[in-house]
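A.B. asks: Right, I'll just put the structure down here and ask away after.
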Amino acid sequence: MSAVFYKGAMGAFVDSVEDSVPVRFRYNGREFDFSRTGNDEWSCSRGGLEIKIIRRCDEKHDALIYRTEIKNISGSIVTGFDLTPIFIRMNTVVNGRPRVRTMEGCRHYDSTCPTRAFHLRDYTFMTHDHSRAVEIGGNCSREWSPVMQFAVSGVTKSGFFVLPEWSASWTLKAGHEFDTFSGEPGNPFVVQGTMATLVDSVQPGETVVMPNVHLVFFDEKEWDEADNRLRRYLTDISARLNGRIHYPVSYDHWFGIYGRFDVNYLMEQAKRAAELGCEYFCLDAMWYKPCGDGLSTGNWDTPDPNKFPNGKADIKRLAHYVRSLGMGFGIWHLLQLCYEGSTAREKYPEAFDDILLALDREEGFNYALDTISSYVEDYGITWTRFESFAHDGLKYNRNYDRLINTLRKKYPDLYIEICSGGGQRLDINSILRTDGNWLSDHTSSPEGCRMAQTGALRFWPAHFLNMAVTAFKGRASQTATLYEGISRMPGVLSFNGAISEWTDEETALMKQCVDVYKATRHLKDQPVFFPLGQPQSVDDWESVVVGDGSGEAQLLFVFRLEGKDCTSFTAPGSGEWEKLIESDMTELSQNGDCITVKMPQYCGAIWIRKH
């Protein structure tokens, strides 16, 4: 490579990478170059600002992590500058075409099949003439996953992933730097991006530290192998609870029961959750006293007297019962929204801007920390579903990160699962700081759940892909099937709703899923392969292979909706597959490297191959 910022085998397909850092700085419309000032530092001084780019290399993963620091070295406020924190300019050669792959986000309120949630998009730039850029963005992972994969494909696929360490609004864009007419020479290809830090001025003496950006490089023959580079990196840098990654089995009352509960009804669910083998029991929304609005949020220190007539004593009784059954107790909260008339607004007026928690102020930070701390200390929670909507601004997000980091240090046994209005918070910033992620509120469809999990699994680690089997109050038996359970097992398996309505036979069926899940969850950190690709219609089968054959064992997931009654594919590794669980009668045969599976419609099965 011609530039110090880029490494790996991508040089086989890149003629030259301009000797610059992956940041663009403009002042009064003019772009300025950076000079190297150290082994891992570059700087540029213009208009009273000193801009520094500081990087570090992760040799194990072929990754670069860099950040931008903006310091005002003048005696007055500086404005009129434009910083693009992701700006990677490359000259691609003629024997390889630029390719860009993106992944859609949670796509909340979209329950199509095949799901558009976490659907891969693959774009090849056939020419630089009149070539429109690929542009994605939005609010965290609502519309699009905050990751872009660039490659120059030829004999191998060589390139990098780019991920902003940011949990709010962002953009990523890839394309040729400027439009050209037919026959004109090619021009540089640029991958660029922004984060809604809202930094447009710097005070005298102030230093603004921008969020990190991660570049993960690869040079592989197949997309699955390239994608595994990213997943391995994200898995290895993930936050650890007591030194390890967890794949818990949890229960949450919300979907299926919603707000129709009281303390005694929840104790019935807890008893059944323990019989299933759940490890956490979470008290979700509407446990607090309503304050007159649709969401009713804000009375975070006052249980709903209609559900908990003895107030906090009833929640403590529920928590004690949950722990006596061998489960951890958890509480959902959305501290970010506190409506008029709530106790939070009355007691802590300086912590809010209207209904929104002012997390960018110390009053807001201290209120959030004190409230969650009270749940740990009053109720003994070891789980929290930490819901918060993505909010722009650097100081706000720095304090959001600081809040999570402080909780982890203060309560090392507290499992933190993130959420943002039903999923929508899947990003590298969250993976670095939290333990898990509620993937989507679309829990009613087994097909939608497993397609969301297997779609996201192409880039993201499995332990961040929690989906639930939902037992709807009054018709719970409809979901007490092996197909429902297997369809949540490519990621993290959980349960929601009126599970106490399941019969002993139905409970035994679902416990089969839990037992298989617990026996195999430690295998999910391995490489993942998708022999049949991502489903494009209900006629397409799907297969997922977890493990390349070099580990303790491999897992094989196969799903059929409609279409033909058998399919064939190859998978890495060798040996005989042993069936673990199936939702209907399935058949698997092997002929050398070829695997053939036959199964009925709307069926799923899991096999294991031990080594």
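A.B. asks: Of all residues in the range 98-126 being at pLDDT 90 or above and aromatic (Phe, Trp, Tyr), which is nearest to Thr454 (Cα to Cα)?
C.D. replies: The selected residue is Phe118.
A.B. asks: Show me the helices (runs of 4 or more DSSP H) found entirely inside the range 415-499 where at least 1 residues are in contact (Cβ under 8 Å) with a residue 24 or more places away in the chain, touching a helix residue (DSSP H, G or I) at 6+ places or on another chain (Cβ under 7 Å) and farther than 21 Å from Arg232 by Cα.
C.D. replies: Values: elements: 428-433, 446-456, 482-486.
Fully inside the range 415-499 and qualifying: 446-456, 482-486.
A.B. asks: Any chance the range 106-115 includes a residue that's among the aromatic types (Phe, Trp, Tyr), part of a loop (DSSP other than H, G, I, E, B) and touching a Cys at 6+ places or on another chain (Cβ under 8 Å)?
C.D. replies: Kept after step one, since they are among the aromatic types (Phe, Trp, Tyr), are these residues of the range 106-115: 109.
Those still in the list that are part of a loop (DSSP other than H, G, I, E, B) too: 109.
Filter again for touching a Cys at 6+ places or on another chain (Cβ under 8 Å), leaving none.
Among the residues of the range 106-115, not one is among the aromatic types (Phe, Trp, Tyr), part of a loop (DSSP other than H, G, I, E, B) and touching a Cys at 6+ places or on another chain (Cβ under 8 Å), which makes the answer no.
A.B. asks: Here's a follow-up. Checking Phe118 against (1) among the aromatic types (Phe, Trp, Tyr); (2) free of Cβ contacts under 8 Å to residues at least 60 places away in the same chain; (3) in a loop (DSSP other than H, G, I, E, B), which single condition isn't satisfied?
C.D. replies: Of (1) among the aromatic types (Phe, Trp, Tyr); (2) free of Cβ contacts under 8 Å to residues at least 60 places away in the same chain; (3) in a loop (DSSP other than H, G, I, E, B), only one is false for Phe118: (2).
A.B. asks: If you go through the range 472-492 one residue at a time, do you hit one that is modelled with pLDDT of 95 or more, closer than 24 Å to Leu266 by Cβ and within 17 Å of the chain's Cα centre (by Cα)?
C.D. replies: Yes, the range 472-492 contains a residue that is modelled with pLDDT of 95 or more, closer than 24 Å to Leu266 by Cβ and within 17 Å of the chain's Cα centre (by Cα).
A.B. asks: What residue, among those in the range 341-377 that are under 16 Å from Ile331 (Cβ atoms) and charged (D, E, K, R), is nearest to the chain's Cα centre (by Cα)?
C.D. replies: It comes out as Asp370.
A.B. asks: Could you list, in sequence order, the residues of the range 140-189 that are among the acidic types (Asp, Glu) and either within 15 Å of the chain's Cα centre (by Cα) or assigned by TED's automatic domain parsing to the domain that holds Leu426 (or both)?
C.D. replies: Glu143, Glu165
A.B. asks: Moving to a separate point now. For the range 45-64, which positions are surrounded by fewer than 19 Cβ atoms within 10 Å (Cβ to Cβ) and assigned to a strand (DSSP E or B)?
C.D. replies: Ser45, Arg46, Glu50, Ile54, Arg56, Cys57, Asp58
A.B. asks: Have a look at Glu340, Glu377, Glu350 and point out the one that is surrounded by fewer than 16 Cβ atoms within 10 Å (Cβ to Cβ), of a type outside the set (Ser, Thr, Tyr), more than 18 Å from Ser169 (Cβ to Cβ) and free of Cβ contacts under 8 Å to residues at least 12 places away in the same chain.
C.D. replies: On inspection, the qualifying residue turns out to be Glu377.
A.B. asks: Only residues that are out of contact with any Phe, Trp or Tyr (no Cβ under 9 Å at 6 or more places or on another chain) and surrounded by 15 or more Cβ atoms within 10 Å (Cβ to Cβ): list them for the range 98-122, please.
C.D. replies: His108, Ser111, Pro114, Thr115, Arg116, Ala117, His119 - these are the residues of the range 98-122 that are out of contact with any Phe, Trp or Tyr (no Cβ under 9 Å at 6 or more places or on another chain) and surrounded by 15 or more Cβ atoms within 10 Å (Cβ to Cβ).
A.B. asks: From (1) touching a Ser or Thr at 6+ places or on another chain (Cβ under 7 Å); (2) closer than 30 Å to Gly533 by Cβ; (3) of a type outside the set (Phe, Trp, Tyr), pick out the condition that doesn't hold for Thr454.
C.D. replies: (1) is the only condition that Thr454 fails.
A.B. asks: Can we say Arg408 is touching a strand residue (DSSP E or B) at 6+ places or on another chain (Cβ under 9 Å), in a helix (DSSP H, G or I) and either touching a residue at least 60 places away in the same chain (Cβ under 8 Å) or not assigned by TED's automatic domain parsing to the domain that holds Met327 (or both)?
C.D. replies: Answer is yes for this residue.
A.B. asks: Does Phe472 satisfy the criteria of being surrounded by fewer than 22 Cβ atoms within 10 Å (Cβ to Cβ) and either outside the structural domain of Asn399 (by TED's automatic domain parsing) or not small (Gly, Ala, Ser) (or both)?
C.D. replies: yes
A.B. asks: Working carefully through the options Phe261, Phe308, Phe329, find the one that is assigned by TED's automatic domain parsing to the domain that holds Gly380 and within 25 Å of Asn466 (Cα to Cα).
C.D. replies: None of the others qualify; the one that does is Phe329.
A.B. asks: For His130, are the conditions met, namely being at pLDDT below 95, closer than 15 Å to Gly96 by Cβ and out of contact with any Gly (no Cβ under 6 Å at 6 or more places or on another chain)?
C.D. replies: It is false that His130 is at pLDDT below 95, closer than 15 Å to Gly96 by Cβ and out of contact with any Gly (no Cβ under 6 Å at 6 or more places or on another chain).
A.B. asks: Would you list the strands (runs of 3 or more DSSP E) that sit entirely within the range 521-611 and hold 1 or more residues that are surrounded by fewer than 16 Cβ atoms within 10 Å (Cβ to Cβ) and touching a residue at least 24 places away in the same chain (Cβ under 8 Å)?
C.D. replies: Values: elements: 542-546, 553-560, 566-570, 578-582, 587-591, 594-598, 603-610.
Counting at least 1 such residues, we get 566-570, 578-582, 594-598, 603-610.
A.B. asks: Can you tell me how many residues in the range 177-205 are hydroxyl-bearing (Ser, Thr, Tyr) and more than 20 Å from Ile136 (Cβ to Cβ)?
C.D. replies: Count: 3.
A.B. asks: Given the options Trp383, Trp460, name the one that is surrounded by 21 or more Cβ atoms within 10 Å (Cβ to Cβ) and farther than 24 Å from Trp170 by Cα.
C.D. replies: Trp383
The values are calculated or read from the model by the stated rules, or taken from the named source; none is laboratory data. Since the structure is predicted, the reported quantities are computational estimates derived from the model, not experimental observations. Because the Cβ atoms are built from the backbone with ideal geometry, glycine has one as well, and the counts that use them run over all protein chains shown.
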